Amino acid sequence: MHARTSISYFPFESYITKEIEGKPELDRQIMRMNYQLIQKFLESTNVQKTKEKARLLEYLRFQSELNPNRLVSTTELLIYLNNFFPNIKSERVRILIRDLRYEGLFIVSHSGKPGYKLATKYSDVSEHFNHFLKYVVPMLQKVKILNETLSKNSFNDINPIEKDPNMQKLKELISGI
């Protein structure tokens, strides 16, 4: 019992996220929606197949209820999850979080700050999207420049974005920047 009750973080300030009336409506919607999606996920039959995801979500939700602004480090998640899955590694935690994001759960991280948290306000979502925007747009610009250079120097013989049907989605993305 002792191994499962270790506390890595204690909230010295009082945060009660159950009472969200003082928050702007958009923040309340995001918090409610995220908690509802998590509850729906935990009640689904898929949880039996992925107990690691369920434990991870339960811990992130608990931490979010204690302090909705706090990012939980990968190390802290590892310490907690090792109580239930002794051989879990940090790469597995990252994969679990990636998979949960693909399932539509709002687990965010912020640029320049280590850790993860549940989105509880609009600025969490906005900051998370801006984090990815810093990588996606420059990558698309590099692809565009490389394609233009290939096309120009080969007299348009080599132009993957225009001539390769597998690149249609990339062409649409590049045209948007």
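The values are calculated or read from the model by the stated rules, or taken from the named source; none is laboratory data. All values derive from a computational prediction rather than experimental measurement. Here the Cβ positions follow ideal geometry from the backbone for every residue, glycine too, while neighbour counts run over all protein chains shown. To get the accessible areas, we keep the full protein, side chains included, count just its heavy atoms, and leave off ligands, DNA and RNA. Shrake-Rupley method; radii C 1.70, N 1.55, O 1.52, S 1.80 Å.
Here are the numbers for the structure shown:
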quantity: Residue match in the stretch 114-134 (condition: among the acidic types (Asp, Glu), at pLDDT below 95 and within 15 Å of Leu57 (Cβ to Cβ)); calculated: no
quantity: Test result for Leu60, of a type outside the set (D, E, K, R), over 30 Å from Leu26 (Cβ atoms) and in contact (Cβ under 8 Å) with a residue 12 or more places away in the chain; calculated: no
quantity: Residues that are on the phi > 0 side of the Ramachandran plot and open to solvent by 50 Å² or more (accessible area, probe 1.4 Å), drawn from the stretch 92-148; calculated: Gly112
quantity: Any hit, the stretch 31-51, residues being closer than 15 Å to Lys117 by Cα, open to solvent by less than 50 Å² (accessible area, probe 1.4 Å) and part of a loop (DSSP other than H, G, I, E, B); calculated: no
quantity: Members of the stretch 149-173 found to be surrounded by 13 or more Cβ atoms within 10 Å (Cβ to Cβ) and within 27 Å of Val108 (Cβ to Cβ), listed by number; calculated: Leu170, Leu173
quantity: Complete set of residues in the stretch 62-83 that are surrounded by 14 or more Cβ atoms within 10 Å (Cβ to Cβ) and among the hydrophobic types (A, V, I, L, M, F, W, C); calculated: Leu66, Leu71, Val72, Leu77, Leu78, Leu81
